[in-house]
Amino acid sequence: MSKRTWALLAATFVSIIYGLTFTIAKDVMPRYIEPFGFIVIRVFGATVLFWLVSFFVRLLNFQKEVRNDKIAKEDFPRIIAAAFFGVALNMLTFFKGLSYTSPIMSAVLMVTTPMIVLVLSAIIMKERMKKRKVFGIILGLAGTTSLILYGKSMINAPNATLGNLLVFINAVSYGFYLIVVKKLMDKYNAFTFVKWIYTFGFLMVLPFGWNEFHAINWTLIPIDIFWKIGFVILFSTFFTYLLNLLSMRELKPTTVAVFIYLQPLFATIFAVSLGKDELSWVKLLSAILIFIGVYLVTMKIEKK
C-alpha cells in the first residue's frame, strides 16, 4: 500500500478509537472512578509513555529526523499554555461532562471543533470570514445550543445540560490548543514538545484530581474496568497521537480534520449497539445543523 493509503487508514483508526472512547470511558466513571481521578491516571500514564518513547528514540539514534531536540526558554510559556488548553482544561471538562451526559451527545458536540478553531482564528489572528462561514457558524451554534439545552437522555445521563456544556467548553479549549501548538509543531520534533506538554499538564490536573484518585477503592474494580482504563491511556491518548502524526505527514490538515466527522458515527454505532445510549429527534436534528454548519465553514470553493 502507498504511504497515503496508510495515512488514510491511520486517520480512520483514530476516529474509531475516539468513537469507542466515549462509551468505554463512560463505563469507568463515575461508578468506579470519579472523572478527575480518572484524568490523573490517564495523563500520568500518557506522560510516562511519551518520556519513554522519547528516550528510546534518542537511544536508537533516530535523531536524523529530529528537529531541535531541546526546548528554547522563550517557548516554555507556549508549552505551558498548550498544556493548560490541550491537557488540563480540555480533559477535565471532557471527562466531567461525559460523566453527566451521554456518549452520542458528547461525540456530536466534539464535531464543532473545526468551527471553533475558525472563530478563534478570526478573533486572535484577525482573519476575515466570508458570509457563508458566518452562516455556517450560526447554524452550528443553533445545533449546539439545542443539544445542550434539550438533548436529554434517559440512559446514564444524570445531568445532560451541564454535561453537554462542559463537553462544549472542552471543544473550545481544544480549539485554543490547536492554535497555540501550531508554532511548536513547526519548530520541534513531536516527542520533544509533547512530553513537556503532558508533564506540565499532569502538574495542572493533579491538584484537581488527587482527592478523587486517593479515594479510588482498587479492590472493588473488576478486571474488565482495568482493561478499559488501559485502553484510554494506551489507545485513546498515546496511540491516537502517534497515528495522527502518521496521517499528518502524508495528508493535508484539512483532510485530516474531515475524519473528526466520523467520530459521532462510530460513537453512535457502538453506544446504541451496547444499549449505552439512545437516539432521539433532538439529537438527530441538532447533529444535522452542526454538520451543515461545519460543512459551510470548512468547505473550499475553487476559483476558476
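Report the extension gain between Ser273 and Ala142 in nm, rounded to one decimal, defined as 0.36 nm multiplied by the number of residues separating them, less their alpha carbon distance.
Numbers: separation 131, 0.36 × 131 = 47.16 nm, distance 2.85 nm.
Contour length minus the Cα-Cα distance gives 44.3 nm.
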Distance between modelled label sites at Ile179 and Lys3, nm, 7 Å Cα→Cβ extension
3.2 nm
With 5 Å bins from zero, work out the P(r) of the range 1-42 over every alpha carbon pair and list the percent per bin.
6, 20, 18, 15, 13, 10, 9, 6, 3
How much FRET efficiency would the formula 1/(1 + (r/R0)^6) give for Asn217 and Phe56, where r is the Cβ-Cβ distance and R0 is 35 Å, rounded to 0.05?
0.50
Net length gained if the chain between Thr161 and Val48 were fully extended (0.36 nm per residue, minus Cα distance):
37.2 nm
The FRET efficiency for Leu285 and Asp224, from their Cβ-Cβ distance with R0 = 41 Å and rounded to 0.05, is 0.70
The extension gain from Thr12 to Lys70, computed as 0.36 nm times the residue separation minus the Cα-Cα distance, is 17.7 nm
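Each value in this text was obtained by applying a stated rule to the coordinates, not by laboratory testing. These numbers were taken from a predicted model, which means no experiment stands behind them. Here Cβ is always computed from backbone atoms with ideal geometry, including for glycine, and neighbour counts include all displayed protein chains.
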